[in-house]
Amino acid sequence: MELKSQHSKLLELLAPARDLTVAKAAIAAGADAIFIGGPALGARAAASNQMTEIAALCQYAHRFGVRIHLTLNTLLYDDELALAQDLILQAAKCGVDALIVQDPAIFTLNIPPTLELHASTQCNIDSIAKLKFYADLGCAQAVLPRELSLSEIAAFHQAVPQIRLEVFVAGALCVGQSGICYISEKMTGRSANRGACAQICRLPMELISPQGKVIKAGHLLSLKDNLALEDVPALIAAGVSSFKIEGRLKDELYVKNQCAAFNQKLNDFIATHQDYSRSAIGKVTVGFKPDVRKTFNRGFTDAYLSGSNEKLYADKSPKFIGESCAQVVGVKTQGRGMSLRLQLKPGVSLHNGDAFTYFAADGALQGFRVNRIVALSPTQVQAELNGKVALQAPTILRRNVDSAFEKELLAPRSAWRQVELCCSLKVQDNLLTICYYDVLNRKGQAQHALTVSGDPLSQALMAEKCRRVGMQDYVVGKVLMDDTLQVPLALSTFNQVRRAAFDNYLESASKLAPRAAPFVLPDPLPALNVRSIDPRLCLNARTRDFYAKLGLTLDATDSPSTRVLMTCRNCLIKNYARCFKEGGSVQGFKLKIGARMFKLRCLCRDCRMQILEDRT
């Protein structure tokens with residue numbers, strides 16, 4: 001077993017976890033790192049965990065070299081700074097490897113030397129100047145905005161190569177630029193920068209023309225999900241080292257499926273690029289064929305990476321409608337239930353317990369689950385269900401629950417991971433030393449004095465016993481000893497020594513060395529090349545003082561800039577009306593969400609759109 005090279009370029013698959021169970025599933029399926037929320041101050045308030053759970057996760061994850069990133073990425077009020085400091089110190093004691101942060105006040109607190117700081121996507125690092133600022137500030141990793149293109153990412157890396165780049169490669173896309181979206185707070189009092197986004201962008205709404213007519217109605221700001229599975233090699237070439245799957249509210253099925261798919265893609269790349277390796281260790285075995293279409297999604301796009309902002313919308317529904325799989329060709333009622341005769345699409349097979357969706361005549365999304373599927377012919381089946389649904393031929397059905405696939409995902413050994421260990425035995429000065437070690441050179445050993453003479457244990461027996469570590473997370477490969485090794489020891493005593501050596505290894509394996517130098521707030525602070533700061537991003541005195549030291553002023557709370565509730569790198573007018581570049585006018589359009597009306601402003605040079613509060 002060769003030790004892991006310190007010179008290879010490390011690639012990290014970063015998976016979300018809403019709790020310990022999901023985190024373990026992600027690790028089994030190939031995650032190199034986990035991002036998870038603690039008990040408070042994370043950008044997903046509904047995905048919190050107690051620090052005892054975080055400590056247990058760290059101890060488990062570190063066995064595989066998997067790092068834990070704790071989300072501490074909300075804006076903070078003055079009375080929360082003490083809590084933030086306490087959580088940071090607790091995180092370090094628990095073994096957390098990195099903090100994902102947004103509020104600059106965090107940088108002024110006591111950061112233990114074992115913790116890296118990562119700049120959250122909520123920091124809205126949309127320029128090389130901002131990336132350089134966070135690198136010079138001491139952040140080891142930056143989570144880039146979802147809307148950047150491959151060429152922009154490559155330019156960022158080329159200009160600031162000293163900071164690792166983390167990019168979202170799967171999951172929900174925010175229609176607004178992260179960190180500067182205030183529409184949820186305006187409409188509901190729930191702030192996206194405080195971990196409580198109400199997802200206003202997923203609601204039905206209407207685009208209103210300058211003449212007051214409805215141009216388009218639907219879930220107009222709801223985007224398809226991001227999927228950059230086929231873009232992994234290009235992202236690596238652009239300088240990305242951390243591949244992030246969005247979804248701290250997603251279930252085990254989703255996370256395991258996504259991790260398995262990206263794990264295979266990264267391994268395929270490394271197989272032909274020997275100068276790269278994974279940041280974690282352990283052989284991953286998956287007992288199912290990953291298929292990201294079969295777990296939650298709103299359809300997929302990677303348009304942002306190509307610099308496009310077209311065909312992004314999933315405006316019919318923000319829900320998981322599934323893949324088109326069959327057409328209703330007959331409907332029959334049976335007492336309280338009904339049966340459907342379905343014409344299958346080529347290559348589709350249906351199973352008992354599958355669930356389906358369809359769009360009703362009024363455009364509403366409807367769904368139902370079947371109890372039993374009966375084959376009628378190679379291309380037709382009968383679907384039997386309890387209850388009744390308003391269906392008629394020739395309705396198209398989509399499947400959003402494949403029960404057979406879910407059963408595979410939830411099987412006890414659907415995915416597992418094992419770390420290979422080496423064990424060495426040697427005797428020097430009548431002292432037996434047994435040592436276990438892994439490719440990260442984490443070692444555990446135990447010794448015993450050989451004070452009595454007698455028949456030595458056979459080398460074959462000692463090797464056999466050393467391979468019995470009693471944990472399925474580990475497999476012992478080589479057992480190394482000289483051909484002349486003599487160990488005159490009772491077998492029971494030998495077993496005590498090798499168990500003590502393995503326990504010592506486990507203690508060593510519960511810790512990971514930091515990848516970056518300890519964080520120290522630079523003095524003076526590096527320059528931040530922006531004109532001013534939005535007051536909605538400054539909720540405490542430390543943050544205001546931080547920006548003052550940078551020579552920056554806060555905009556007035558009633559300034560025109562604070563009318564902007566969302567900035568999008570896409571445009572409803574371009575999508576549903578006539579773009580300025582095509583000779584159309586972009587003035588006077590409005591967006592109606594519920595009973596509220598908002599103005600739209602187009603920034604045509606950058607092909608962006610802003611949603612503005614109407615203060616008239």
*List the relative contact order of the chain as a percent without decimals, with contacts defined as Cα pairs under 8 Å and 6+ residues apart.*
16 percent
*Mind giving me the FRET efficiency for residue 605 and residue 558? R0 is 30 Å, r the Cβ-Cβ distance, nearest 0.05 is fine.*
0.65
*In the chain, what % of DSSP beta bridges are antiparallel (nearest 5)?*
65 percent
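Within the stretch 400-461, list the trypsin sites (Lys or Arg not before Pro) lying in a DSSP loop whose Cβ has at most 10 other Cβ atoms in a 10 Å radius. Working shown, then result.
Working: sites: 407, 413, 417, 426, 442, 443; in loops: 413, 442.
Counting only loop positions with at most 10 other Cβ atoms within 10 Å, the trypsin sites (Lys or Arg not before Pro) in the stretch 400-461 are 413.
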*What figure in square angstrom, to the nearest 10, would you give for the accessible area of residue 147 with a 1.4 Å probe?*
10 Å²
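Between residue 463 and residue 420, what FRET efficiency comes out of the Förster formula 1/(1 + (r/R0)^6) with R0 = 22 Å and r the beta carbon distance, rounded to 0.05?
Given R0 = 22 Å and the Cβ-Cβ separation, E is 0.90.
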_Rule-of-thumb Rg ratio for the chain [Cα; 2.2 N^0.38 Å; N residues]_ = 1.12
*In degrees, nearest ten, helix 491-509 long axis to first principal axis of the chain (Cα)*: 30 degrees
*If ligands, DNA and RNA are left out, what is the accessible area of residue 219 with a 1.4 Å probe, given in Å² to the nearest 10?*
30 Å²
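On full extension of the chain, what length is gained from residue 349 through residue 379, given 0.36 nm per residue of separation minus the C-alpha to C-alpha distance?
Here the segment from residue 349 to residue 379 would lengthen by 9.9 nm.
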*asked:* Using the Cα centre of the chain as the reference point, and only Cβ charges (+1 on K/R, -1 on D/E), how large is the resulting charge dipole? Debye, rounded to the nearest 20.
replied: 2040 debye
*Among the listed pairs 24/250; 24/511; 186/549; 224/294, those beyond 20 Å (Cα-Cα)*: 186/549
*Quick one: angle between helix 81-94 and the longest Cα principal axis of the chain, in degrees between 0 and 90, rounded to 10, please.*
40 degrees
*asked:* Suppose a student asked you for the relative contact order of the stretch 502-605, using Cα pairs under 8 Å spaced at least 6 residues apart; what percent would you report?
replied: 15 percent
_Set of aspartates and glutamates near residue 574 by C-alpha distance (under 19 Å), chain-local residues within fewer than 8 positions excluded_ = 147, 206, 302, 310, 315, 582, 606
_Reachable lysines from residue 478, criterion Cα separation under 21 angstrom, eight or more residues apart if same chain_ = 4, 283, 426, 443, 465
*Write out the GluC sites (Glu not before Pro) in the stretch 1-76 meeting two conditions: DSSP loop, and at most 15 other Cβ atoms within 10 Å of their Cβ.*
2
*asked:* Rounding to the nearest 10 and keeping the result within 0 to 90°, find how far the Cα-based axis of helix 51-62 lies from the longest principal axis of the chain.
replied: 60 degrees
_Helix-only estimate, please: 222 nm mean residue ellipticity of the chain, summing -39500 (n - 2.57) across DSSP H runs of length 4 or more and dividing by its residues, to the nearest 500._
-6500 deg cm²/dmol
*So what's the net charge close to residue 271: Lys and Arg +1, Asp and Glu -1, counting the other residues with Cβ under 15 Å from its Cβ?*
+2
_Where labels lie 7 Å past Cα in the beta-carbon direction, separation of residue 293 and residue 595 in nm_ = 4.4 nm
*Rolling a 1.4 angstrom probe over the protein heavy atoms, how many square angstrom per residue are accessible across the chain?*
44 Å²
*Give me the accessible area of residue 134, 1.4 Å probe, in Å² rounded to the nearest 10.*
20 Å²
*asked:* Relative contact order of the stretch 303-412, please, whole-number percent, based on alpha carbon pairs below 8 angstrom and at least 6 residues apart.
replied: 33 percent
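Of the accessible area of the chain, with the probe set at 1.4 angstrom, what percent is carbon plus sulfur?
On the way: 13610 of 27290 Å².
About 50 percent, which is the carbon plus sulfur part of the accessible surface.
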*Can you pull the semi-axes for the stretch 457-616, root of five times each eigenvalue of the Cα gyration tensor, sorted largest first, whole Å?*
68, 25, 15
*In whole angstrom, how far apart do the alpha carbon centroids of the stretch 42-112 and the stretch 212-263 sit?*
25 Å
*Inter-label distance for residue 149 and residue 500, nm, one decimal - labels placed 7 Å from Cα along Cα-to-Cβ*: 6.5 nm
*Compute the distance in nm between two label points, each set 7 Å from the Cα along the Cα-to-Cβ direction, one at residue 188 and one at residue 447.*
6.3 nm
*Under 17 Å Cα to Cα from residue 93, which aspartates and glutamates show up? Leave out anything in the same chain fewer than 8 places away.*
53, 116, 507
*Neighbourhood net charge (13 Å Cβ-Cβ; Lys/Arg +1, Asp/Glu -1) for residue 128*: -1
*For residue 217 and residue 272, FRET efficiency with R0 = 51 Å and r from the beta-carbon atoms, rounded to 0.05?*
0.55
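The values are calculated or read from the model by the stated rules, or taken from the named source; none is laboratory data. Computed from a prediction, not measured in an experiment: that's the story for all the values here. A quick note on method: Cβ atoms are made from the backbone with ideal geometry, for glycine too, and the neighbour counts reach across all protein chains shown. What goes into the accessible areas is simple: the full protein's heavy atoms, side chains included, and nothing from ligands, DNA or RNA. Shrake-Rupley method; radii C 1.70, N 1.55, O 1.52, S 1.80 Å.
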